[in-house]
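A.B. asks: One structure, pasted below without further comment.
Read-outs: derived from the displayed coordinates by stated rules, not from any lab. These numbers were taken from a predicted model, which means no experiment stands behind them. Quick reminder, even Gly has a Cβ in these numbers, built from the backbone with ideal geometry, and neighbours come from all protein chains shown.
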Amino acid sequence: MKLEGEYIFDGPREEVWEILRDPEVLAKALPGTQSLEKVAENEYTGQMHVRIGPVSGVFTGKLVVSDELPPESYTLTVEGRGAPGFGKGTGHVQLSEPEEGKTLLQYEGDMQVGGRIANVGQRLIDTASRSMIGQGLDSLNNALQARLVGEVEGIEVEYVPPSEAKFAAGVARDMAKEMLPPPQTLGIMAVVALVALLLGYWLGSRSQVDSD
Amino acid sequence: MTQKHVGRRMTRTEDPRLLTGQALFVDDVQMPGMLHAAFLRSDYAHARLVSIDVSAARERPGVVAVFTAEDMGDDWKHGPPLVSPPPTVEDIVFHSRTHVPLVKDKVRHAGEPLAIVIAESRYIAEDAVEDIWVELEPLEAVVDLEKALDPGAPLVHDDLESNLAAHLVQEKGDYEAAKAQADLVVKRRIYIDRGAAGAMENRGIVAHWDVRAQQLTLWDTTQAPIPIRNGLAAMFGLSSHQVRVIAPFVGGGFGPKIMMYYPEEVLLTWATLKMGRPIKWIEDRRENFFATTQERTQVHYGEMALTKEGRILGVRHDFLHDTGAYDPYGLTVPLNTQSHAMGAYDVPNYSSELKVVFTNKTIVTPVRGAGRPQGIFLAERLLDIAARELGIDRLEIRKKNLIPPDAFPYEHKIIDQAFAPLVFDSGNYLATLERAAAAIGYEKFIAEEQPRLRAEGKHVGLGIVSFVETTGVGPYEGARVTVETDGRVSVATGVGTQGQGHFTSFAQIVADQLGISPRDVRMVTGDTAEFHWGTGTFASRGSVVAANAINAAALSVRNKVLKLASKILETPEEELELADGQVRVADLPHRAIELGELAAMANPLRGAVEPGTEPGLESTDYFGPKYGATANGAHAMILEVDPETMMIEIKRYVTVEDCGTVLNPLILEGQIHGGVALGIANSYYEQLVFDENGQLLNASLADYLIPSATEIPPIEVLHEETRSPLNPLGSKGAGEAGTIPVPSLFAQALEDALQDYGLEILEMPMSPNRLFELLHEESKTP
């Protein structure tokens with residue numbers, strides 16, 4: 001499966017790069033992340049508990065960062081698995097500044113999924129992935145705004161991340177927009193779980209790379 | 001004897017029980033202390049097992065045991081092949097690779113079991129499955145049938161040089177010489193994809209080793225209780241009399257439940273023997289998509305050579321058959337394909353090269369149709385294309401080529417699924433086709449209705465095809481018929497029942513022989529404690545092999561009844577008749593004795609036993625046909641395609657079946673309706689879609705589309721009756737007839753409906769999406 005898209009952050013590129021380094025923000029932005037550990041230079045493992053609808057389970061995964069070129073680009077290789085199945089993928093992320101104070105994030109990659117997620121949710125993966133990534137990035141952008149406000153005002157502004165339930169509801173809403181009939185909800189939820197996981201590693205680990 | 005019940009349209013005696021929830025299914029079995037099993041199955045289609053850690057699962061409260069392949073020690077064995085391997089002939093290659101109870105070294109298809117968890121409840125067992133940590137090293141999967149044979153393709157079985165499981169060539173006459181003389185040779189690549197059987201009831205097993213009785217009981221949704229009993233007894237060193245397999249009511253078999261020994265059957269038996277507690281496992285729907293066998297994928301390169309008058313000179317097809325990860329069912333399915341690749345036609349020259357291919361997919365064994373739909377699809381498609389190219393009417397070209405009624409027994413000069421010569425025993429193929437053409441109104445539709453509807457802008461098409469169905473294969477079945485002292489009759493046979501109406505149609509046979517009502521027959525099927533010998537319910541053989549065994553046993557009992565009654569009534573046997581539950585003197589009906597009374601007298605008192613006396617009015621008999629009977633038929637349909645949505649509406653569906661003597665027309669109609677429904681599913685709805693990694697992408701009933709009552713039209717079922725000379729009842733099987741011709745019929749009707757587009761359908765299943773793609777691929781505009 002191909003994944004690609006872009007997102008505009010309301011902040012300068014260095015700040016976006018920074019926030020991608022902050023494990024706490026990233027873990028909060030994606031609820032359910034239980035742990036992220038550095039096991040080698042540019043290699044991380046982590047666990048994430050996902051309970052969305054009828055699909056639940058702990059995903060365990062590994063992430064490798066390569067071809068790092070701060071603050072412009074990097075490559076991620078992600079592998080995760082748990083009761084709802086497995087996924088692995090490689091993605092390239094590119095950051096640029098199309099205008100002052102804006103950062104364009106572009107990503108493209110390939111993902112392969114298997115197990116329950118692939119078996120019951122296949123035809124919805126595209127939609128669900130887009131929604132998951134979009135929401136995750138929205139959430140990060142909100143965190144970025146909180147940080148920028150804090151910098152200007154010289155105080156710490158608390159970033160309130162979306163709850164797990166709110167996150168799931170957001171994905172469900174996006175899926176509903178695609179006019180899907182109800183029986184597919186289960187599949188969507190499974191996909192949501194995996195994408196959340198992968199995104200979690202990707203962003204979460206990214207932050208640790210630089211904060212270490 | 002007056003035939004009163006066989007042939008009667010009688011409602012099913014088992015239905016009141018089934019409809020009021022009084023029938024036992026495996027999941028109804030409850031036992032004190034019963035445990036529940038769940039399986040850890042591989043998410044990968046092809047992977048090396050690196051390590052497996054079940055310690056956390058074992059610690060979960062409520063878990064009684066967790067086993068992996070290593071825990072089985074010497075009991076871990078490859079399953080035995082289900083059918084005899086082909087004879088060792090020079091030009092037959094066959095690599096037997098049978099499945100294992102639990103993966104030890106390498107996963108070969110998604111869903112292959114890695115561990116079994118046994119717990120106090122299914123909930124706990126399922127949770128514990130998630131506690132297991134398994135390290136699998138993914139390998140490149142073998143999915144595409146043609147790429148699987150490329151040099152350098154990854155190997156499903158590392159010890160083989162390639163993924164070739166079998167290779168076999170069949171020749172009849174000289175195809176190349178025939179081709180040289182032909183006016184027309186049509187060549188096409190034909191592809192048929194995989195589907196599921198989709199029985200309403202998934203598989204299920206309850207296994208119980210009673211230590212004190214030293215008795216193993218297995219309730220199993222199998223189509224073959226006796227072979228399962230024999231196999232498990234042999235595997236675990238028990239006497240066959242220590243093992244009782246009960247196949248109670250089963251919610252649909254359709255082939256995959258003949259497969260044995262499924263890993264679950266072996267594992268539950270092994271575990272209960274070890275633990276001494278009953279264990280239940282009921283397959284869930286997602287498991288069913290991986291763990292229960294499937295069928296159909298084949299790629300054919302077909303050719304048909306004809307004269308310009310449309311007479312077939314020869315057929316050639318080289319084809320690949322997907323057997324999945326293992327090949328326990330040998331060559332049965334592709335040999336069936338060859339047996340049907342000449343259809344119902346007199347084809348003097350035939351050549352076929354078969355390659356069976358291992359892939360990283362669920363094992364293939366017969367699914368209702370069992371290789372036959374693919375063969376008929378090839379023959380009918382090539383004939384349709386030839387008719388078009390020669391400008392001959394499709395009905396005419398069929399009539400020209402059908403095997404004529406005086407050509408039976410028709411020796412095909414190739415081998416069938418049992419490696420025996422393929423012979424079609426009897427039939428009047430022309431009659432079935434003409435009857436179907438008349439019923440659908442072929443001439444009038446072509447001449448008047450279709451032009452009128454087309455003028456209205458409707459895309460309406462007709463299909464009409466012929467087919468054969470090899471049925472009623474051996475080796476044998478048996479039955480025991482007993483007159484009880486209350487005048488009712490008990491019958492036991494070894495075959496299991498999965499909805500075929502055996503309780504009724506078999507009772508009708510007994511009723512005719514013994515002069516009783518079929519409702520006074522108590523039928524037992526599928527319980528090895530009731531009947532010891534037999535094979536199973538498969539290959540459309542129940543109404544042929546089991547029915548004739550029952551007929552033979554009932555006839556023996558009839559003779560015993562007459563002999564004893566003759567003595568008691570002091571009348572010669574020829575002057576007696578059996579009717580209304582009694583034996584009476586035909587001319588003097590008041591001189592009679594009730595059957596029950598006679599049965600009591602047949603159990604002699606002390607001192608009355610002479611040497612050679614057998615007690616009771618009971619007999620056990622067997623029937624084994626010389627070779628299988630071949631049914632035939634013709635299907636015709638009219639359908640309309642909506643060119644915007646590609647959705648179809650079937651306007652009319654007519655079948656004409658000749659399955660020899662009809663035991664019960666109502667039950668036969670039910671069989672045909674069900675068969676046609678699967679055929680329609682195989683043509684336009686159901687398809688198992690795998691990605692390049694061997695992941696099944698539609699393993700749920702939300703995505704795998706089983707047609708429902710709204711998609712299945714009313715089906716008109718007509719009969720021709722050509723008795724089979726191979727058995728006393730004259731019956732032929734009908735279980736698969738409904739399914740076999742439907743894909744070929746669909747293809748023809750779709751092409752006819754969309755004739756302006758010059759469409760050629762060379763694949764199955766189709767779907768609205770696929771039809772849309774085909775029309776746009778070739779940018780065909782009317």
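A.B. asks: Each label point is 7 Å from the Cα along the Cα-to-Cβ direction; what then is the distance between the points at B:Ile706 and B:Lys399, in nm?
C.D. replies: Result for the modelled spin labels: 4.2 nm.
A.B. asks: Oh, and also: At q = 0.04, 0.05 Å⁻¹, what log₁₀ I(q)/I(0) does a Debye calculation on the Cα points of the protein assembly as shown give, no solvent, two decimals?
C.D. replies: Here the Debye-derived log intensity ratios amount to -0.24, -0.37.
A.B. asks: Something else about it: Using Cβ contacts closer than 10 Å as the measure, can you line up B:Lys179, A:Lys102, B:Lys732, B:Lys361 from fewest to most?
C.D. replies: Final ranking by Cβ density, sparse to dense: A:Lys102, B:Lys179, B:Lys361, B:Lys732.
A.B. asks: For the residues B:Thr504, B:Thr362, what sequence is obtained by ranking on other C-beta atoms within 10 Å, fewest first? Each step should come with its number before you reach the end.
C.D. replies: Details: B:Thr504 24, B:Thr362 29.
With the fewest neighbours first, B:Thr504, B:Thr362 line up as B:Thr504, B:Thr362.
A.B. asks: Can you give the local net charge around B:Arg454? Use residues other than it whose beta-carbon is closer than 15 angstrom to its beta-carbon, Lys and Arg +1, Asp and Glu -1.
C.D. replies: Computed value for this residue: -4.
A.B. asks: Let me ask something else. Less than 12 Å from a label point 7 Å out along the Cα-to-Cβ axis of B:Ala180: which backbone N atoms in the range B:324-365 qualify, by residue?
C.D. replies: It comes to no residues whatsoever.
A.B. asks: Rg over Rh of the range B:1-148, using C-alpha atoms and the Kirkwood radius, what does it come to? Don't skip to the end; give the middle numbers.
C.D. replies: Numbers: Rg = 22.7 Å, Rh = 19.6 Å.
We get a ratio of 1.16 for the range B:1-148.
A.B. asks: Continuing with the same structure: May I ask you to compute the full-extension gain from B:Asp587 to B:Asp91, defined as 0.36 nm times their residue separation minus their alpha-carbon distance, rounded to one decimal in nm?
C.D. replies: Values: separation 496, 0.36 × 496 = 178.56 nm, distance 6.64 nm.
The B:Asp587-B:Asp91 span can extend by a further 171.9 nm.
A.B. asks: I've got another one for you. With each label point set 7 Å from Cα along the Cα-Cβ vector, what nm distance links B:Glu594 and B:His78?
C.D. replies: 6.1
A.B. asks: What are the aspartates and glutamates whose alpha-carbon lies under 15 Å from the alpha-carbon of B:Lys399, with same-chain residues fewer than 8 places away excluded?
C.D. replies: Within reach: B:Glu309, B:Asp346, B:Glu380, B:Asp384, B:Glu434, B:Glu443.
A.B. asks: Another question, if that's okay. If we count every other residue with Cβ under 12 angstrom of B:Asp53's Cβ, Lys/Arg +1 and Asp/Glu -1, where does the sum land?
C.D. replies: That sum, taken over residues with Cβ under 12 Å, equals -3.
A.B. asks: List every DSSP H helix in chain B whose Cα atoms extend 20 Å or more along the helix's own long axis and whose mean Kyte-Doolittle hydropathy is at least -1.0.
C.D. replies: Details: long enough: B:372-390 (27 Å, 0.15); B:547-569 (31 Å, 0.66); B:665-684 (28 Å, 0.68).
Long hydrophobic helices here: B:372-390, B:547-569, B:665-684.
A.B. asks: May I ask for the equivalent-ellipsoid semi-axes of chain B, computed as the square root of five times each C-alpha gyration tensor eigenvalue and listed largest first in whole Å?
C.D. replies: Working: eigenvalues 358, 292, 106 Å².
Taking √(5λ) for each Cα gyration eigenvalue gives 42, 38, 23 Å.
A.B. asks: Can you tell me which aspartates and glutamates have their Cα less than 19 Å from the Cα of B:Lys567? Leave out same-chain residues fewer than eight positions away.
C.D. replies: Reachable aspartates and glutamates: B:Glu575, B:Glu577, B:Asp587, B:Glu594, B:Glu597, B:Glu610, B:Glu614, B:Glu618.
A.B. asks: Under 15 Å from the Cβ of B:Gly596, count the other residues' Cβ atoms, weight Lys and Arg +1, Asp and Glu -1, and hand me the total. Let's see the in-between values first.
C.D. replies: Details: positive: B:Arg488, B:Arg522, B:Lys560, B:Arg584; negative: B:Glu484, B:Asp486, B:Asp520, B:Asp580, B:Glu594, B:Glu597, B:Glu618.
Counting the neighbours of B:Gly596, the net charge comes to -3.
A.B. asks: Where nothing but the Cβ of Lys and Arg (+1) and of Asp and Glu (-1) is charged, how large is the charge dipole of the protein assembly as shown around its Cα centre, in debye to the nearest 20? Before the final figure, lay out each step's value.
C.D. replies: Working: 89 positive and 140 negative charges, 683 e Å.
Value, rounded to 20: 3280 debye.
A.B. asks: Right, here's the next one. Taking neighbour Cβ counts within 10 Å as the exposure measure, how do B:Ser162, B:Ser724 sort from fewest upward?
C.D. replies: Numbers: B:Ser162 18, B:Ser724 27.
Lowest to highest Cβ neighbour count: B:Ser162, B:Ser724.
A.B. asks: Give me the one-decimal nm value for the distance between modelled label points at B:Asp27 and B:Asp642, 7 Å along each residue's Cα-to-Cβ direction.
C.D. replies: For the pair B:Asp27/B:Asp642, the computed spacing is 3.4 nm.
A.B. asks: Right, another one. Cut-off under 12 Å on the C-alpha distance; same-chain residues fewer than 8 positions from A:Lys102 excluded. Which aspartates and glutamates are left, in chain and number order?
C.D. replies: Within the straight-line limit of under 12 Å, A:Lys102 reaches these aspartates and glutamates: A:Asp10, A:Glu14, A:Glu15.
A.B. asks: If you find the alpha carbon centre of the range B:475-536 and of the range B:38-116, how far apart are they in angstrom?
C.D. replies: 38
A.B. asks: If you take the beta carbon distance between B:Asp53 and B:Asp105 as r and set R0 to 22 Å, what does 1/(1 + (r/R0)^6) give as a FRET efficiency, to the nearest 0.05? Show your work: numbers first, answer last.
C.D. replies: On the way: r = 17 Å, r/R0 = 0.77.
Computed FRET efficiency for B:Asp53 and B:Asp105: 0.85.
A.B. asks: Oh, and also: Could you please state, rounded to a whole Å, how far the C-alpha centre of the range B:614-630 is from the C-alpha centre of the range A:59-87?
C.D. replies: Centre-to-centre distance over Cα atoms comes out at 67 Å.
A.B. asks: Follow-up. In deg cm²/dmol, rounded to 500, what helix-only [θ] at 222 nm does chain B give when every DSSP H run of at least 4 residues adds -39500 (n - 2.57) and the total is split over its residues? Each step should come with its number before you reach the end.
C.D. replies: On the way: 18 runs with 197 residues, N = 782.
It lands at -7500 deg cm²/dmol.
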